[in-house]
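Notes for the one structure printed next.
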Amino acid sequence: MAEADLDAVIRQTARAQTKAVMAAAKKRQAVWVARAAKAKDKEAKARFHFLAKSTMLNATATAKRLQNSAENAADAYARAMKKAMEEPPPAKKPAKKKADG
């Protein structure tokens, strides 16, 4: 297998983290919905439904920020490597001669 570019690895890792965040949010939302179903009064049901909805909204926003940050980091890395490849290598300094004496 050829070496993967680091920017591709950054993007792949971010996608995996985004999926993990959303999976955890869905589990948490299911907990709030279950509590809403067990709630005895309307106020408690409404509060738990609101928490379930807020959980998904906040998790979605977090996942988007995570993805955007990773995209920015990957793009910055790719630009830096492209620039480094275009620059000439540093010139070697000539070796100093030792004085006999």
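Readers should treat all values here as calculations from the given coordinates under stated rules, not as data from a laboratory. Given the structure is predicted, the values throughout are model-derived calculations rather than measurements. Note: ideal-geometry Cβ built from the backbone for every residue, glycine included; neighbour counts use all protein chains shown.
Key figures for this structure:
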item: Residues that are of a type in the set (V, I, T) and touching a residue at least 40 places away in the same chain (Cβ under 8 Å), drawn from region 29-70; result: T62
item: Test: residue in region 13-28 that is touching an Asp or Glu at 6+ places or on another chain (Cβ under 8 Å), in a helix (DSSP H, G or I), in contact (Cβ under 8 Å) with a residue 24 or more places away in the chain and not charged (D, E, K, R); result: yes
item: Count of residues meeting criterion [touching a Ser or Thr at 6+ places or on another chain (Cβ under 7 Å) and not hydrophobic (A, V, I, L, M, F, W, C)] in region 42-101; result: 1
item: Meets criteria (of a type in the set (A, V, I, L, M), surrounded by 11 or more Cβ atoms within 10 Å (Cβ to Cβ) and more than 22 Å from E71 (Cα to Cα)) for A36; result: yes
